[in-house]
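Enquirer: So that we are looking at the same thing, I have put the structure below in C-alpha cells.
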Amino acid sequence: MLGVMFGVTVFIFQAGLLTGLQNYFIDKTVNTTAHVHIYNEVRTARPHVISRYIDTTSRWVVVRNQKPREEARRVRNGTQIISDIQKDPRVEGVAPFLGLQGIYRLGMSQQAGSLAGVDILREDQLFKVKENMIAGDLLRMETLPNGIILGAGLAEKLGATIDNSIIVISSKGVSLDMKVVGISKTGITLQDNTRAYISLRNAQRLLQQSGSYITDINVRLRDVDLSESVAREYQTRYGYRAEDWKAANANVFGIFRIQNMTVTFVIISILVVSGFGIFNILMTIIYEKMPDIAILKAMGYRDRDISQIFLIESLAIGITGGLFGLLLGFLASKIVGMIPLNIQGFVSVQYLVINFNPLFYMAAFAFALISTTVAGYFPARKAARFDPVEIIRSR
Amino acid sequence: MNHTMISAQHVTKRFTEPVEFVVLDDVSIDVQKGEFVVLVGPSGSGKTTLMYTLSTLDTEYDGDIEIDNTTIRSLSKNQLATFRNTMIGFVFQFHYLLPDFTVLENVMLPAQRLGIWSEEEMEHRAMEKLALLGVADQASKKSNKLSGGQQQRVAIARALVNEPKILFGDEPTGNLDTKNTDIVLDILQDLKTEFNQTILMVTHDTAFARRADRIISIRDGRIVE
C-alpha cells in the first residue's frame, strides 16, 4: 500500500510541478511574444554576381569579399499591412515594432541592450505592458516626447530610477536624451535585463529613418490556437516571413518534451515497482492463507469466489493507497508551492508554480487501480487454482 | 425405508508420480441414509483418499460415484462446488476456522455461499447449530481464542449449518484429548440418532470406530471386511 501511495504521490507532485512550470512559462511567453510575428527575413548569403552572366558549372569563378546587399530590414507598406490586418476578425490587436541595438548611458554607467520602438498603446493591448510595470506610468510615454520604459534588470544595472535622464546611442551614432517614465518586469529574465521601450518616432530618429520605417509587425489573435494557420496565411499574403509563437519558442518546447518524457518514465517505473511490491505481498498472503482457501473450497466456494476475494483485496490496497497518495501529493504540492524561491533563470519566479489539474489526480488514481489490479490478478488466479485436498492432506 | 446416500462402483485411483501406484483398487461401497460409517486401516492404505474421492473433493478416479442419485462425474467444477455447499459438510483433523473471524461468522460462511437465507435467518441457523454443539456462549469470540475442543465443535457446527445430506470427517478427533474426543463422539452419535444424519468418517482410533454402525477396513486400496 505504501508503494502505491508513494507512486501516486510522486506522480501528482512531479506532474503538477513540471506542468505548472511549463504552463507558467507558456503563459508568460504567450503574453510577451506575439502570436504571429511578421518580419523581413534578410538573406545575407547570396550567389555571386558574376554567376548570373557566366556559366559556373564548367569553370572556376572566384569573387572575394562580396558584401551583403544593402537591404533594409524594414517591412515596406507597414502601415497598410497593419490597417489590413486590423480588419481581420480573428485579430485582437496589431502593433508595429522597430527593433534596434543601442547603448544606454546614465552618467558613468553604460549598458548595451535592445530598443523596441513601439506605439505604446497598441503594444499595451498586445503584451499587457501596463500590468508588468512595477513603477511609473504608461501614459507618460504618450505625453512626453522622449519617454523610455526600462526593463527592471536593465534599470537596476544602470542605476536608473523614475524621472532619471539617460542617453541612448544607436549604431548610427545618433544619441538622444530620454526620460525614464516607467520600469517593467515581465518575468522573462533576458528581456528584463536588456529591453527598453521607446516611441516609434524616436526609434526612427535613432536609425535616421523616415516615419514609415518599421521592422516587425506583431499580431495578437483572439484564439491563440489559430496562430499557426494565421501565420501561414499572412506569410503568403504579404510576402514577409510570418512566424507563430510556438515556432518562435521551438527550442523551449523541445526541452519541455524531453522533460515530460523523463518524468513519464520515472512515474512508470515507480508504478511498476509498486506493482511488483503488491504482487509479492499478495503471493505471501496467499501462501499464508492456504488452509483458509482450502476450507472455503471444501465448503463449496467456487474458484471465482476465491479469486474475487484476492482481487478485491488488491483493489482495496489500490484504492486506499491511491487515495492516501492523492492526499499526500496534494499536500506536498501545496507545501512546496509555499516555499519562496526567487529563481532568476530562464524565467524569474518567486514561488514554484504548481499545476493542480484534477486530470492528474484522476490519471494517478486510475494508474494506481490498474497497476494493483494487474498485480493482484496473478496471485488471485493462483489462489483459485489450489487443490484443497493437497493442502488439507499435507497438514 | 432404505435410501442409498452414497453409491461407489468400481472406483480405482492411481498415482503416477513419483512411481505408478494404485491407491484405490476397484472399490465398491454403498452407504445408506442415516448410517454412521467409519473407514479404518493403516496409514497409506488409501482410506483417506477414498473419503476425499467419495466426498467429491478429489475428482480424478476411474469408476462411478453417485451421491443421493446424482452422478458426480456429470457435474462441472462450479456445479460441484455448489453441490458440496448444499449436500456435504466437512470436519477435518484440524478445525480450519478463519482466525480473524468470530465463531458466529465462521459458522455462517457456508450459508453465505448458499445465499438463500436472509442475514437474520443465517444468524439464527448458525446459533442453532452452535447451541446444538454446546458452544453458543462463544459465538461472539474470535475463533482463535477458543480451546481445541471448542474449536472442533465450532467446526462441526459450521459443517452442519447448511443441513447437508452427508457429514464427512477426516480424523475429526485426531487432535483432541480423551475428554474432548468423547464429547465429539457423543455429538456425532446424537446427530445420527436424533437427526438421522448420514456420517462417513476416517479414523484409526478404535474407540471411535466402536461407536459406528459399520466399520469398513481398507488395506492396500481394497476393502477387507
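The values are calculated or read from the model by the stated rules, or taken from the named source; none is laboratory data. Not measured: the values here are computed from a predicted model. Positions of Cβ are backbone-derived with ideal geometry, glycine not excepted, and every protein chain shown enters the neighbour counts. Note: accessible area is taken over every heavy atom of the protein model, side chains too, but ligands, DNA and RNA are not part of it. Shrake-Rupley method; radii C 1.70, N 1.55, O 1.52, S 1.80 Å.
Enquirer: Before I look further, what does the protein assembly as shown give for accessible area per residue, probe 1.4 Å, in whole square angstrom? Let's see the in-between values first.
Expert: Numbers: 30770 Å² over 620 residues.
So the protein assembly as shown comes to 50 Å² accessible per residue, rounded to a whole number.
Enquirer: Would you jot down the residues in the range B:101-122 that end up with at least 50 Å² less accessible area in the complete protein assembly than in the chain alone, with a 1.4 Å probe?
Expert: Buried by 50 Å² or more upon assembly, which counts only protein chains, are B:113.
Enquirer: Taking θ as phi - 60°, what are the ³J(HN,Hα) couplings along the range A:237-246 by the Karplus curve (6.51, -1.76, 1.60), each to the nearest whole Hz, with x for Gly and Pro?
Expert: Karplus values, whole Hz, x for Gly and Pro: 6, 9, x, 10, 5, 10, 10, 8, 5, 5.
Enquirer: Across peptide A:158-170, how many C-beta atoms of other chains are within 10 Å of each residue C-beta, on average? Show your work: numbers first, answer last.
Expert: Details: counts 0, 0, 0, 0, 0, 0, 0, 0, 0, 0, 0, 0, 0.
Mean shielding by partner chains, rounded to a whole number: 0.
Enquirer: Mind checking the angle between helix A:250-288 and chain A's longest principal axis? C-alpha axes, 0 to 90 degrees, to the nearest 10.
Expert: Taking the Cα atoms of chain A, the angle to A:250-288 is about 10 degrees.
Enquirer: With a 1.4 Å probe, what is the total accessible area buried between chains A and B, in Å² rounded to the nearest 100?
Expert: Chains A and B together bury approximately 1900 Å².
Enquirer: Let me ask you something else. Which shape class, rounded, prolate or oblate, goes with the range A:34-243 when its Cα gyration tensor gives a ≥ b ≥ c as root eigenvalues, a/c under 1.5 marks rounded, and past that a/b bigger than b/c marks prolate?
Expert: Because a/c hits 1.5 or more and a/b fails to exceed b/c, the range A:34-243 counts as oblate.
Enquirer: Taking all protein chains together and a probe of 1.4 Å, list B:117, A:245, A:60 from the most accessible to the least accessible. Could the numbers behind the result be given before it?
Expert: Numbers: B:117 50, A:245 20, A:60 230 Å².
Putting B:117, A:245, A:60 in descending order of accessible area: A:60, B:117, A:245.
Enquirer: Starting from the range B:41-137, pick out the GluC sites (Glu not before Pro) whose DSSP state is loop and whose Cβ has at most 16 other Cβ atoms within 10 Å.
Expert: Values: sites: B:60, B:66, B:105, B:119, B:120, B:121, B:123, B:128; in loops: B:60.
Loop-located and lightly packed - B:60.
Enquirer: Follow-up question, since we're still on this one. Return the long-range amide H neighbours of residue A:188 (sequence gap of 5 or more, or a different chain), with a cut-off of under 5 Å between placed amide H atoms.
Expert: HN-HN under 5 Å from residue A:188: A:348.
Enquirer: Heavy-atom accessible surface, probe 1.4 Å, ligands and DNA/RNA ignored: which residues of the range A:355-395 lose at least 30 Å² versus the isolated chain?
Expert: With the partner chains in place, the range A:355-395 has these residues losing at least 30 Å²: A:389, A:392, A:393, A:395.
Enquirer: Please check: in the Gaussian network model of chain A (C-alpha springs, under 10 Å), which one of A:339, A:198, A:148 has the largest mean-square fluctuation.
Expert: Most flexible of the set in this elastic network: A:339.
Enquirer: Once you average over the residues of A:282-295, how many Cβ atoms of partner chains fall within 10 Å of each Cβ?
Expert: Shielding by partners across A:282-295 averages 2.
Enquirer: May I ask which of A:297/B:129; A:297/B:33; A:28/A:172; A:157/A:334 have a Cα-Cα span longer than 27 Å here?
Expert: A:28/A:172; A:157/A:334
Enquirer: Once the whole set of protein chains is in place, how much accessible area is left on residue A:361, using a 1.4 Å probe, in Å² to the nearest 10?
Expert: Roll a 1.4 Å probe over it and residue A:361 shows about 40 Å².
Enquirer: Leaving out ligands, DNA and RNA, what percent of the accessible area of the range A:34-243 is carbon and sulfur, probe 1.4 Å?
Expert: Details: 5500 of 11280 Å².
The computed percentage sits at 49.
Enquirer: Using only atoms on other chains, find how many Cβ atoms lie within 10 Å of each Cβ of peptide A:297-309 and report the average. Walk me through the numbers on the way to the answer.
Expert: Numbers: counts 3, 15, 17, 19, 8, 9, 3, 2, 3, 1, 0, 0, 0.
Counting Cβ atoms of other protein chains within 10 Å of each residue's Cβ and averaging gives 6.
Enquirer: If you keep only loop residues by DSSP, which GluC sites (Glu not before Pro) in the range A:72-147 have at most 11 other Cβ atoms within 10 Å of their Cβ? Spell out each step's value before the answer.
Expert: Numbers: sites: A:92, A:123, A:131, A:142; in loops: none.
Hits after loop and neighbour filter: nothing returned.
Enquirer: Please calculate the 1.4 Å probe accessible area of residue B:94, with all protein chains present, and give it to the nearest 10 Å².
Expert: 70 Å²
Enquirer: While we're on this one: Send over the per residue convex hull volume for the range A:1-98, Cα only, as a whole number of Å³.
Expert: Normalising the Cα hull of the range A:1-98 by residue number yields 273 Å³.
Enquirer: Nearest 500 deg cm²/dmol is fine: what mean residue ellipticity at 222 nm does the protein assembly as shown get from its DSSP H runs of n ≥ 4 alone, each adding -39,500 (n - 2.57), divided by its residue count?
Expert: Taking each H run of at least 4 residues, the total per residue is -15000 deg cm²/dmol.
Enquirer: Right, something else. With all protein chains present, calculate the accessible area of residue B:73 using a 1.4 Å probe and round the result to the nearest 10 Å².
Expert: Rounded to the nearest 10, that gives 120 Å².
Enquirer: Relative contact order for chain A: what is it in percent, counting Cα pairs under 8 Å that are at least 6 residues apart?
Expert: Once normalised by length, the contact order is 27 percent.
Enquirer: In addition: Out of all DSSP beta bridges in the range A:34-243, what portion is antiparallel? Express it as a percent rounded to 5.
Expert: Beta bridges within the range A:34-243, antiparallel portion: roughly 80 percent.
Enquirer: Same structure, new question: Could you order A:74, A:381 so the one with the most accessible surface comes first? Probe is 1.4 Å.
Expert: So the residues, ranked largest to smallest area, are A:381, A:74.
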